[in-house]
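The values are calculated or read from the model by the stated rules, or taken from the named source; none is laboratory data. Being a predicted model, the structure only gives us computed values, none of them experimental. Neighbour counts run over all protein chains shown; Cβ positions are idealised from the backbone, glycine included.
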Amino acid sequence: MSLLPIFVRLEQRPVVVAGAGRVALAKIENLLRTGAAITVIAPQAVAGVRDLADHGRLIWLQRTFEPADVDGALLVIAATNSPVVNRVVYEEAARRNVLCNAVDDPPNCHFYFGSVVSRGDLQIAVSTAGESPALAQRLSREIDDQLPSDLGPWLREIGALRREIRASTSSGAVRNLLLHELVQRPLCSSSECPARQNVRDQVSVPQAPVNQD
């Protein structure tokens, strides 16, 4: 069955990570970028996890996993060094309809972490549904090599102009054409930039009245 590719906002949402070794730390570092409220459960932790807990960037419960730990979580990551424990974490999450990823164990995953290429707010994720993470990584490197380094700032400029167009132009073919035109030509930060001036000119054109008959 096909997977649903989505990008989830996790800011201040509860995420539980069972395990605190090197593998868990890699997942935690990715989650921290999203602003998720992370709780780590493990009797022992690598220095990186301990340091994050000491600085208040996550909560570390220094004990073994308990079934109730997944209550209220939005996502659960099973990343211990025991396949048996990871399976228990997955089963307890599934029992509560909480999405779980057991690292390097595709049958015990409700979702998979893609290999991600980022340029600011632009994110491109490649997933093989757990079949070949190495292939996903290779493809993401190839994509990364082809993307300009300034796409992040350019995207912010496009976003600002998009909001201006939406606020100044009624919905319809003209607005849709402008929005699509933005991504087809160079865009610079100067107010004299041709692309920016073109948008200004188009927005300033009086819109035809809507026939109410």
Considering residues of the range 46-66 that are part of a loop (DSSP other than H, G, I, E, B) and of a type outside the set (D, E, K, R) only, the residue surrounded by the most Cβ atoms within 10 Å (Cβ to Cβ): 65
The listed residue being of a type outside the set (A, V, I, L, M) and at pLDDT 65 or above, out of 191, 171, 204: 171
Being in contact (Cβ under 8 Å) with a residue 24 or more places away in the chain and either assigned to a helix (DSSP H, G or I) or surrounded by fewer than 18 Cβ atoms within 10 Å (Cβ to Cβ) (or both) is the filter here, so list the residues in the range 67-90 that pass it. 67, 69, 70, 71, 72, 74, 81, 85, 86, 89
Would you say residue 134 is surrounded by 11 or more Cβ atoms within 10 Å (Cβ to Cβ), at pLDDT 80 or above and not β-branched (Val, Ile, Thr)? no
It is to be established whether one or more residues within the range 103-118 are of a type in the set (A, V, I, L, M), part of a loop (DSSP other than H, G, I, E, B) and at pLDDT 90 or above. yes
Scan of the range 163-182 for residues that are under 27 Å from residue 117 (Cα atoms) and buried (at least 16 other Cβ atoms within 10 Å of the Cβ), ordered by number: 179, 182
For residues that are out of contact with any Gly (no Cβ under 8 Å at 6 or more places or on another chain) and in a helix (DSSP H, G or I), tally how many sit in the range 148-169. 13
Would you please list the contacts, defined by Cβ atoms under 6 Å and residues six or more apart or on different chains, that run from a residue in the range 33-49 that is β-branched (Val, Ile, Thr) to a residue that is assigned to a loop (DSSP other than H, G, I, E, B)? 34/10; 38/58; 40/20; 40/58; 41/65; 46/21; 49/20
When you scan the range 1-41, how many residues do you find that are modelled with pLDDT of 95 or more, under 20 Å from residue 94 (Cα atoms) and in a loop (DSSP other than H, G, I, E, B)? 3
Quick one: residue 146 ticks every box in (1) free of Cβ contacts under 8 Å to residues at least 12 places away in the same chain; (2) under 19 Å from the mean Cα position of the chain (by Cα) except a single one, so which number is it? (2)
